1. Within the bounds of region 290-308, is there any residue that is assigned to a helix (DSSP H, G or I) and acidic (Asp, Glu)?
2. Which condition number does residue 32 fail, the rest of (1) surrounded by fewer than 18 Cβ atoms within 10 Å (Cβ to Cβ); (2) of a type in the set (A, V, I, L, M, F, W, C); (3) more than 20 Å from residue 306 (Cβ to Cβ) being met?
3. Just to verify a result, which residue in region 350-364, among those that are assigned to a helix (DSSP H, G or I) and among the small types (Gly, Ala, Ser), is modelled with the lowest pLDDT?
4. Using the structure shown, decide if residue 146 is in contact with a Ser or Thr (Cβ under 9 Å, 6 or more places away or on another chain), over 18 Å from residue 261 (Cβ atoms) and either in a helix (DSSP H, G or I) or at pLDDT below 90 (or both).
5. Might you let me know whether region 237-248 holds any residue that is crowded, with 19+ Cβ neighbours inside 10 Å and within 29 Å of residue 123 (Cβ to Cβ)?
6. Every residue in region 105-130 that is at pLDDT below 80 and in contact with a helix residue (DSSP H, G or I) (Cβ under 7 Å, 6 or more places away or on another chain), please.
7. For region 61-108, enumerate the residues that are hydroxyl-bearing (Ser, Thr, Tyr) and over 30 Å from residue 249 (Cβ atoms).
Amino acid sequence: MADIIARFHVEQAYLAHLTSAVQSGFIAGTLVFALLSIADRFSPSRVFFTSAVIAALFNLAITFRSINTVELLTFRFLTGFFLAGIYPVGMKIAADYFEQGLGRSLGFLVGALVLGTSFPHLLKSSSLALRWEYVIYATSLLSILGGLAILLLVPDGPYRKRGLKVRLSAFLDGFRSRSFRSVAFGYFGHMWELYAFWVFVPVMLSAYQAHYPARHLNVPLLSFCIIASGSISCVLGGLVSQSMGVKRTATAALMLSCACCILSPLFLFAGSTVTFIVFLFVWSMAVIADSPLFSTLVAQNAPVESRGSSLTIINCIGFAITIVSIQLLNALAGTQNIRYVYTLLAIGPVLGLGALLKNKAISR
């Protein structure tokens, strides 16, 4: 993103707008997919493949030399729109395969999402010093290959129950259940923190480097390692939930990430670089560990006939929340008290924990 900002001669704050354009597209896409019950009416594997190819093409379009800043934001929006046919649809595919052990399977699925999120940072840190266009070429190719893998290797699951008619209110069915509402609000609190943390990991590292100029940090490589470490906690969380229970494991992870938000001022400019880096690794693993578990709880408490639409609308609302937290941090990032700004991310986990702990009926 820094290279794109330099090419188009815009300010650093544009980074948040680029990210929010993808998030906004994803929100619009999930809303359309949920209203039309796309994942319930059509083969999820085919929807995944088609969306992956179209998203890759719009992703590739930002490398065109003649585009302006408006077209850049538009292409990012359209990329996000078709990601709505990948992430929530992928969870729907997993739910169609696993009635038992869904938390474990979604742990691997979200772990893959985390690796994908961090991968561009790894490409950027490559000793080959790749131009930013090659990062886009690589991610677009991987998107198409991922879509092909689903189409060719993952047929529709044995527990899939097809929805035959368009019912515009189907995505609201789950909200009639108190348990569904509780896990949904827990997920929303988690999302307030998650993407804001991911977006600002390079910013935290760069701020530390600026505070201690003598300490040379490889920001792209560290960003990759820190964000990618969350894939380990996704898998571990899924495995632990098999014995500890999905709700209890998700609650414990959300408590830990909440503690990281609150304690962040003590670590972000720590005199010890090792302490600072270790703290970011702990925070990264805590902030994502509950994500597959919340998706599991949503799938388990949603009506079977509209499970795909329920997962999609929850993603829609969750990603809308991420825009607010990202833009809030972006607005405050230039303040002198930058070390205290990230404590605002604790708002989401606190509210999410309140929703989870208040409903004793959720036992799974």
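The values are calculated or read from the model by the stated rules, or taken from the named source; none is laboratory data. These numbers were taken from a predicted model, which means no experiment stands behind them. Reconstructed Cβ throughout: ideal geometry from the backbone, glycine too, with neighbour counts over all protein chains shown.
1. Filtering region 290-308 for residues assigned to a helix (DSSP H, G or I) gives 291-301, 304-308.
Filter once more, keeping what is acidic (Asp, Glu): 305.
Scanning region 290-308 turns up at least one residue that is assigned to a helix (DSSP H, G or I) and acidic (Asp, Glu).
2. Only one criterion in (1) surrounded by fewer than 18 Cβ atoms within 10 Å (Cβ to Cβ); (2) of a type in the set (A, V, I, L, M, F, W, C); (3) more than 20 Å from residue 306 (Cβ to Cβ) is unmet by residue 32, namely (3).
3. Of region 350-364, the ones assigned to a helix (DSSP H, G or I) are 350-358.
Restricting the remaining residues to those that are among the small types (Gly, Ala, Ser) gives 352, 354-355.
On the way: 352: 92, 354: 92, 355: 87.
It comes out as 355.
4. Details: in contact with a Ser or Thr (Cβ under 9 Å, 6 or more places away or on another chain): no; over 18 Å from residue 261 (Cβ atoms): yes; either in a helix (DSSP H, G or I) or at pLDDT below 90 (or both): yes.
For residue 146, the condition - in contact with a Ser or Thr (Cβ under 9 Å, 6 or more places away or on another chain), over 18 Å from residue 261 (Cβ atoms) and either in a helix (DSSP H, G or I) or at pLDDT below 90 (or both) - is not met.
5. Within region 237-248, the first condition is being crowded, with 19+ Cβ neighbours inside 10 Å, and the residues that meet it are 237-238, 240-241, 246-247.
Then keep just the ones that are within 29 Å of residue 123 (Cβ to Cβ); that gives 237-238.
Yes, region 237-248 contains a residue that is crowded, with 19+ Cβ neighbours inside 10 Å and within 29 Å of residue 123 (Cβ to Cβ).
6. Step one: list which residues in region 105-130 are at pLDDT below 80, which gives 120, 123-130.
Scanning region 105-130 gives 120, 123, 124, 125, 130.
7. Applying the first criterion (hydroxyl-bearing (Ser, Thr, Tyr)) to region 61-108 yields 63, 66, 69, 74, 79, 87, 97, 105.
Passing the criteria: 63, 66, 69, 74, 79.
Yes/no per residue for (1) surrounded by fewer than 21 Cβ atoms within 10 Å (Cβ to Cβ); (2) more than 24 Å from residue 201 (Cα to Cα):
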| position | (1), (2) |
| --- | --- |
| 101 | yes, yes |
| 110 | no, no |
| 116 | yes, no |
| 119 | yes, no |
| 125 | yes, no |
| 132 | yes, no |
| 139 | yes, no |
| 146 | yes, yes |
| 149 | yes, yes |
